[in-house]
1. Please work out the Cα convex hull volume for the stretch 26-96 and give it in Å³ per residue.
2. Any idea how far apart residue 101 and residue 88 come out in nm if each label point goes 7 Å out from Cα toward Cβ?
3. Expressed in nm to one decimal, what extension gain is obtained for the pair residue 61 and residue 48 from 0.36 nm per residue of sequence separation less their Cα-Cα distance?
């Protein structure tokens, strides 16, 4: 893929993420958390502001949405219909330990 095509694709991805309200902004030096549907279900990803370093944090068998960084950037809160009901979960910024927020 040429460099220009990659730039256009990245721009469109970021534009769609921001327009649909699925992006939760950045935390720390240029990190963005967002939701993407790349297979059948949506998952939470993080990436650098330049589009590099995209990392999937969840491996959902359903849909997740609304990821938000904690004020200190160490955790991400999100909504997911796991266990047959929608609930808010909190996980570490590296994707480990997704626990219900109310416990």
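1. Numbers: hull volume 5.4 nm³, N = 71.
Output value, Cα hull per residue: 77 Å³.
2. It works out to 0.2 nm between the two label points.
3. Numbers: separation 13, 0.36 × 13 = 4.68 nm, distance 2.55 nm.
Taking 0.36 nm per residue and subtracting the Cα distance, the gain is 2.1 nm.
Any read-out appearing in this document is the output of simple, stated calculations on the displayed coordinates, not a laboratory observation. Everything numeric in this text was worked out from a predicted model, so none of it was measured. Every residue, glycine as well, gets a Cβ built from its backbone with ideal geometry; the counts of neighbours run over all protein chains shown.
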